[in-house]
Amino acid sequence: GAGVSQSPSNKVTEKGKDVELRCDPISGHTALYWYRQSLGQGLEFLIYFQGNSAPDKSGLPSDRFSAERTGGSVSTLTIQRTQQEDSAVYLCASSLGGTRGNTIYFGEGSWLTVV
Amino acid sequence: AQTVTQSQPEMSVQEAETVTLSCTYDTSENNYYLFWYKQPPSRQMILVIRQEAYKQQNATENRFSVNFQKAAKSFSLKISDSQLGDTAMYFCALIQGAQKLVFGQGTRLTINP
């Protein structure tokens, strides 16, 4: 696609429910990233994919968080048993990968509110 | 560990003025990249400018330029002839490891008419 696409744009869920956030990267981009941005805060790295594998998942805050990527394209971030502190904007990004100098392009994010 | 620090939480200037946003960083790597991203209310992070550490010449993109001081580990962004559309959060970022961006806390810039 023309840009990084994320869905849903906004999600309100009850505490304890599971949520899935989807990211469709730019066509041809092999690298995909998930970041979390809490209100008024900077961006916190969650996980990085190169193709379908995740060489760096060091930022996942707990075992309630998981992510997968299939076909080297779409990625899903799953949060199980959501807590109020999970409320944040979840940003997905992609790049051509291969070298660290490639520009990383971001989607518009999924705004998650846990009530 | 790599860190990025933005010491100005908020800034405000009049339209057409020049404004400089500061950023300092720490890294043990010799070859790295630095970025400034803009985040308007729409939430989408937009790349403003990038600098390769091994290049001494400061990057420029139209009204945006950087002052890259490698020895001091400083990477400031200068916006000339500021416009109302420049109002946004601005994040300084450093590429770490294979491809992981490390961000500063951001500076909220307001351009007043």
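Coordinate-derived values only; no laboratory data. Note that this is a predicted model, so its numbers are computed, not measured. Note that each Cβ is placed from the backbone with ideal geometry, even for glycine, and that neighbours are counted across all protein chains shown.
Details
- As a length-normalised measure over Cα pairs under 8 Å and 6 or more apart, the relative contact order of chain A settles at 36 percent.
- Per-pair calculated FRET efficiency, R0 = 30 Å: A:E44 and B:S12 via Cβ, rounded to 0.05: 0.65
- Among B:T87, B:T5, the order by Cβ neighbours within 10 angstrom, fewest to most, reads B:T5, B:T87.
- Candidates B:A88, B:A53, B:A72, ranked by Gaussian network fluctuation over chain B, Cα under 10 Å, top entry: B:A72
- Gaussian network model of chain B, Cα within-10 Å springs - most flexible of B:K55, B:K78, B:K38: B:K55
- About the Cα centre, charge dipole magnitude for chain B (Lys/Arg +1, Asp/Glu -1 at Cβ), debye: 260
- Footprinting exposure proxy for A:R36, A:R22 (fewest neighbouring C-beta atoms within 10 Å first): A:R22, A:R36
- Look at the dipole of segment A:49-100 built from charges on Cβ: of A:L96, A:L77, A:G59, the Cα furthest out on the positive end belongs to A:L96.
- Structure remark: mean-square fluctuation, Gaussian network model of chain B, C-alpha springs under 10 Å; the largest value among B:E52, B:E15, B:E61 belongs to B:E61.
- Estimated FRET transfer efficiency when R0 is 22 angstrom, pair B:T110-B:F64 (beta carbons, to 0.05): 0.80
- Options B:C92, B:V19, B:V102, ranked by Cα towards positive dipole end of chain B, top entry (Cβ charges): B:V102
- Summed residue charge, Cβ within 12 Å of A:V115's Cβ, Lys/Arg positive, Asp/Glu negative: +1
- Between the beta carbons of B:Q57 and A:D63, assuming R0 = 30 Å, the FRET efficiency works out to 0.05 to the nearest 0.05.
- When the listed pairs A:K57/B:K78; A:K15/A:K57; A:K11/B:K78; A:K17/A:K57; B:K38/B:K70 are checked against a 30 Å cut-off, the alpha-carbon distance exceeds it for A:K57/B:K78; A:K11/B:K78.
- When +1 charges are put on Lys and Arg Cβ atoms and -1 charges on Asp and Glu Cβ atoms, the dipole computed for the protein assembly as shown relative to its Cα centre reaches about 260 debye.
- Pairwise centroid distance, computed over Cα atoms, of segment A:1-78 with segment B:58-113, Å: 25
- Label-to-label distance, nm, for residues given as A:Q80 and B:A72 (7 Å Cα→Cβ offset): 5.1
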